[in-house]
Structure formats: C-alpha cells, structure tokens
Amino acid sequence: MSAAVVNNVGDSKSDEKHRGDEDLKNEIDDLNVNSTAPESAQKKKNKKKKKKAGGGKGSVNVPDGTEAENGLVNGGGSANDQLEEAEEEKEEGSKKKKNKKKKKKSSGKAQTNPPSIPIVDLFPDGNFPEGEVCEYKIKNDSRTAVNRMTSAEKKALEMSYDDMYKEIRIGAEVHRTTRKYFQTWVKPGMTTTEMCNMIEDMNRVLIKEDGLKAGLAFPTGCSLNHCAAHYTPNAGDKTIITKDDVCKIDYGVHINGRVIDCAFTLTFNPKFDNLVEAVRAATNTGIREAGIDARLNEIGEAIQETMESYELELDGKTYQIKPIRNLNGHSIAPYRIHAGKTVPIVKGGEMEIMEENEVYAIETFGSTGKGFVHDDMETSHYMKNYDVGHIPLRLTKSKHLLNVINQNFGTLAFCRRWLDRLGETKYLMALKDLCDKGIVDPYPPLCDVKGSYTAQFEHTIVLRPTCKEIVTRGDDY
C-alpha cells in the first residue's frame, strides 16, 4: 500500500518544514513498498519519483489503483499524468488476463485430424474421460441400490479398482475417437477391406499397440444386410458397400486384457431409419435395466418388448422388427471376450443375476427376417479356446501356427488377414488341424434368411460399486 504524495513549491520555512515531513513520510513509504509490494508497484513508485524530479508536477497514487474523487490533492497534479497512469494499470491488468488464458490453452495436447496421437499421450495425468454415469434402478421390492452413490464404504471399494477403470476408459476413448472419424470418412463404393484396414490401423496407433499388453481385441466386423455378425473380409475379398446396404461395424480394443466391445449400424439410405432406431432403443433399454442384482431374463424381456414395438416399411411391405433370439449380450473378463454369462434379448432366459464390478457388453440385434441366425459363408474369425489344456500336436506347421497365435493373440479373437499381416503363408491346413483338435474355435458368419436386413448396437458397461458406467457412450449413440 502506498500513500498519496503531495508536492507544492513554496519559499517559506513552514513550506520547507512541511516538505521535510513529507520527504520523511515518502522514505517510510518507500521502505514499505520495497519490503511488501510486488515489482509492478515498485516500478510505479520509481516513475513518480522521476516525474517529481523533472518539473515538480504533482501525482496522486490511490490505494488499490482507484482514482481520487477530487482528482488532484491541493491542486498540485496534472490530469494527463493521472490518465496515463490509469491506462498503464489497465494495460498491465489486461496482460495478466491474457497470460492466464494462454496458460489454460497450453495445458494438454489436441488430437490431430485424422487422429494420430495415442490416447495415453493426450491425457498424461492419467485422468481419462469417464463414460456416462447412471444411478442403479431401484425396484419396488428392493432397497439395495439406495445410497450407493453416497456410501463411503462403496466409494472406498471403488477406489481399489481405479487402475481397472482407467484401462477400460483408455479403450473406450480409442473406440469413440476412431468411430467419430470413420463416420466422416466412409462412403458408398468403398470395399469392406478398406474400411476394416482403416479402423484397425487407426486403433493400433491410438491404443499404442504393444503385443498382448495393448492392441486389438478382435477383428473388425462389417457384416452386411442379412448377415448379422462375425463377417470380416479374408484376403482377396472385393465386397463393396453400397448406398442400400445395412452394415454392422463391430470392433474392439484392449489394455492388459480389459476388452472394449462396442458396435453400431451404418446406413446411407434413410428408409432403414426405423430398423436402426428400433435396435438402438432396445440396446438402451437393456442398459437401463442392467445393474447389480438385476436378473438376466428380465433384461431380455424388456429388450424384446421395446424392439417389437417398431415396424419397418420397405417397398410397400411392412415388417415387424424382431430380436434375433439366438444372439446375446455377454459378460467380459480379462483376455476373455465371452466370460460365461449371457444377456438374452428375448424373454425366457436364465434367472442368473448381475454382480458388483462385473463388465458387460449389452448388445441387441434386430431383423426383418425370421429373427434367427445360422452359420453361413466362409469363416474369417477364430479364437483360441480359453479352457483348453495341453494337446500334443504332430504337424510341425500346426506347432508353429499355435506359437504364433499364443505370442500375438493369446485367447483373444483373430482373423486370417491378421495372420497374413504377420507374414504367415500356407497356414490353412494347420489352422484346420488346430480347429479339429479343439485348440482353436472357428466363428463363421451368422446370417438370417437372404433378402432380410439386420441391425446391431452395442455398449460396454461397468457395474461399479457406486454406479453404472456406460464407458463407450459417445455423442453419436
């Protein structure tokens, strides 16, 4: 704090005495400024001294930078000087504000277009984006979900799983980032191979692929029309997506085996909007009904009711949207995409319940056909049997291929394109041998009747102790 300075020119002794008193006061003020005020205040003080020495012009310095109500004290100062000081203070204040804004902008990196910066590098502090958080549904005959979000015990339990949640959120952010770019990039006339390669190449970069520690969880599915799931092109496949196709884009990534499984339906023709909306709404119903102690059969019944409330008119004919009854959602465990529990999408499923801290893929499939799929077309998806023990192999090629699978995929799904990418050749006989012996399971495409159309939506959810987190939720769905 600096006091107001009064400087008058006079010849009398009283004036000199008065000036002496004022000089002494100024020296005390100078000491105070030097010891407590910041550099900016000291600079202002020095400027005022220069003005006094230069011509005896009065200057008024009011605490907190405010102007004196009466302008000059005892008529000794210049109005121009006061205006200049006020402008300097405003400039200094605006500079400080600009500096603060710059600091905010400089924190963190911005993703490129197309995305090329790994998600872990975008969030170096380890605070990855959280999914949509929902409270658990409270049933009429149950109080188990009450106060979970405020329970100190549940919050403490949740903190012990923090590393797990972070790994899942990394994968979820990768999925969101890739699909957001993909939806702006894809167009009719592209081959399914081009689409899958684009998604997989981007995922490898964003997940910062590192062997079995981080990478792709399963091949990119791009099943068309009556084919509902498990189709990805093999080498030489020239299939092209057209404006009138209904394409299910299903892909996943993982960090330390924590799998993200998420899918959506891609269409270019608005005539399929009702089909897409029916399945989207059914998936959201399943997510709403899911929770700790929720019964799987009740979730399936609610999903079926939602989906069958929609109809689709194509070429003058009306179709009721049917859930594909032999396709289900499923629980997920580390390095195990199907961990044992299934979430039906029709009524009549098992009465098993969901449990705390489980991870689920809630997915629904709708069809204009029979609502039942069967194996069809050439197999492209394979996965090593999670529970298989040691089985002796006689063929050298089979032994070699099994080593390649163990080193690169473990118990996660893979496809023939990925074996080609690793430089493997003439492996089909060895792959068949591994399938025949039950070491590797084939997953052929699943199709409804030809001429029908199918759609799919899927999200990964985590049943945290305090709440339900839809980790893959985005602005698109």
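The values are calculated or read from the model by the stated rules, or taken from the named source; none is laboratory data. Just so you know, these numbers come straight off a predicted model, no measurement behind them. Ideal geometry is used to build each Cβ from the backbone, glycine not excepted, and the neighbour counts take in all protein chains shown. Just so you know, the surface numbers come from the protein's heavy atoms only, side chains and all, with ligands and any DNA or RNA stripped out. Shrake-Rupley method; radii C 1.70, N 1.55, O 1.52, S 1.80 Å.
Among the aromatic types (Phe, Trp, Tyr), open to solvent by 20 Å² or more (accessible area, probe 1.4 Å) and either without any contact (Cβ under 8 Å) to a residue 12 or more places away in the chain or under 30 Å from LYS426 (Cβ atoms) (or both): is that true of PHE268 in this structure? Break it down stepwise before answering.
Values: among the aromatic types (Phe, Trp, Tyr): yes; open to solvent by 20 Å² or more (accessible area, probe 1.4 Å): yes; either without any contact (Cβ under 8 Å) to a residue 12 or more places away in the chain or under 30 Å from LYS426 (Cβ atoms) (or both): no.
Taking the combined requirement at face value, the residue does not satisfy it.
Close Cβ contacts (under 6 Å, 6 or more residues apart or on different chains) running from residues in segment 232-244 that are touching a residue at least 60 places away in the same chain (Cβ under 8 Å) to residues that are among the β-branched types (Val, Ile, Thr) comprise THR232/THR220; PRO233/THR192; PRO233/THR193. Residue count for segment 314-352 under the criterion of being open to solvent by 60 Å² or more (accessible area, probe 1.4 Å) and outside any loop (DSSP other than H, G, I, E, B): the result is 7.
Kindly evaluate LYS213 against the criterion of being basic (Lys, Arg), at pLDDT 95 or above and open to solvent by 60 Å² or more (accessible area, probe 1.4 Å). Answer is yes for this residue. ALA172 fulfils the conditions (1) part of a loop (DSSP other than H, G, I, E, B); (2) open to solvent by less than 30 Å² (accessible area, probe 1.4 Å); (3) hydrophobic (A, V, I, L, M, F, W, C) except for a single criterion, (1). None of LEU312, LEU296 is more than 23 Å from the chain's Cα centre (by Cα) and more than 25 Å from THR192 (Cβ to Cβ) except LEU296.
In segment 180-189, of all residues being touching a helix residue (DSSP H, G or I) at 6+ places or on another chain (Cβ under 8 Å) and assigned to a helix (DSSP H, G or I), the one that is surrounded by the fewest Cβ atoms within 10 Å (Cβ to Cβ) corresponds to TRP185.
Restricting attention to segment 398-450, the residues being farther than 17 Å from GLU200 by Cβ and of a type in the set (Lys, Arg) number 5. The condition (being within 18 Å of VAL276 (Cα to Cα), under 25 Å from the mean Cα position of the chain (by Cα) and open to solvent by 10 Å² or more (accessible area, probe 1.4 Å)) is satisfied by just one residue among ASP250, ASP244: ASP250.
Filter segment 293-313 down to the residues that are part of a loop (DSSP other than H, G, I, E, B) and open to solvent by 30 Å² or more (accessible area, probe 1.4 Å) and list them by number. Listed by number, the residues that qualify are ASP293, GLU308, SER309, TYR310. When segment 317-373 is filtered for residues that are within 30 Å of the chain's Cα centre (by Cα) and at positive phi, the ones remaining, listed by number, are TYR335, GLY340, ASN357.
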